[in-house]
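The values are calculated or read from the model by the stated rules, or taken from the named source; none is laboratory data. Since the structure is predicted, the reported quantities are computational estimates derived from the model, not experimental observations. With ideal geometry, Cβ positions are generated from the backbone for all residues, glycine too; neighbour counts draw on all protein chains shown.
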Amino acid sequence: MRLKEGYDLHLVKVKEDGGILLQLVKDGSSVDSKVIYPSKGSATLEDQTYCYVDQTGIAILAVHFKEITFLPDGKDFAFIDGVFQISTNPLSVKIGEIYGNLRIVSVVRILNGWIIRMDNKGHNIKIYPGININIVKDIYLRTSRERVPLAYYIYKKIVIQDDIW
């Protein structure tokens, strides 16, 4: 599966015990390999997720595998239902910069990192049940259909091609 910034995740082998051997490649060189067990009985989130932690100790990639389908002809399939990747090339942000409907208001260093505060001055966002709105670039906000409690989440819309392996 092709990822951003030169990374590719390869399914190397589906094992008879339900494990899958994965290899992470960056710019053509292997950087990690791991066996996970998404199909074992009572599999935990950890069993179902490939996670790569880089040399700085930050988890920059997590791929959640929903299930494995074993076919008689040997063409086994692994179904992915979530990909999380953090850029290793972060953007520099400055107060006053505009990103879609959002503006950088403050950038403050704290003990363990940074706090970036953004507002949407002049671009009010009304939140109500059943909305799906674009906040900035390809980042969206979606709310539940129920009024009580009104739940929401932020997501990035991506398209994965059929022939990813």
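Odds and ends about this structure:
- Sole residue being touching a helix residue (DSSP H, G or I) at 6+ places or on another chain (Cβ under 8 Å), surrounded by fewer than 16 Cβ atoms within 10 Å (Cβ to Cβ) and basic (K, R), chosen from K75, K34, K66: K66
- Filtered residue count, the range 13-31, keeping only those that are surrounded by fewer than 16 Cβ atoms within 10 Å (Cβ to Cβ), assigned to a strand (DSSP E or B) and either modelled with pLDDT under 90 or out of contact with any Leu (no Cβ under 9 Å at 6 or more places or on another chain) (or both): 2
- Taken over the range 133-153, the criterion of being of a type in the set (K, R) and either exposed (fewer than 13 other Cβ atoms within 10 Å of the Cβ) or modelled with pLDDT under 85 (or both) is satisfied by K137, R145, R147.
One line per residue, one yes/no per condition, for (1) within 21 Å of A62 (Cα to Cα); (2) assigned to a loop (DSSP other than H, G, I, E, B); (3) in contact with a strand residue (DSSP E or B) (Cβ under 9 Å, 6 or more places away or on another chain):
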position	(1), (2), (3)
K75	no, yes, no
G82	yes, no, yes
S87	yes, yes, yes
V93	no, yes, yes
R109	no, no, yes
I115	no, no, yes
Y128	no, yes, yes
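- Check on I60, at pLDDT below 90, out of contact with any Pro (no Cβ under 7 Å at 6 or more places or on another chain) and under 28 Å from I139 (Cα atoms): no
- Odd one out for S42 among (1) at pLDDT 95 or above; (2) farther than 15 Å from F79 by Cβ; (3) among the hydroxyl-bearing types (S, T, Y): (1)
- V53 being more than 17 Å from the chain's Cα centre (by Cα) and at negative phi: no
Every residue, every condition in (1) hydrophobic (A, V, I, L, M, F, W, C); (2) over 30 Å from S39 (Cα atoms), yes or no:
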site	(1), (2)
K66	no, no
F79	yes, no
F84	yes, no
V93	yes, yes
Y99	no, yes
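- Candidates R103, R2, R109: the one that is closer than 23 Å to D138 by Cβ and without any contact (Cβ under 8 Å) to a residue 40 or more places away in the chain is R103.
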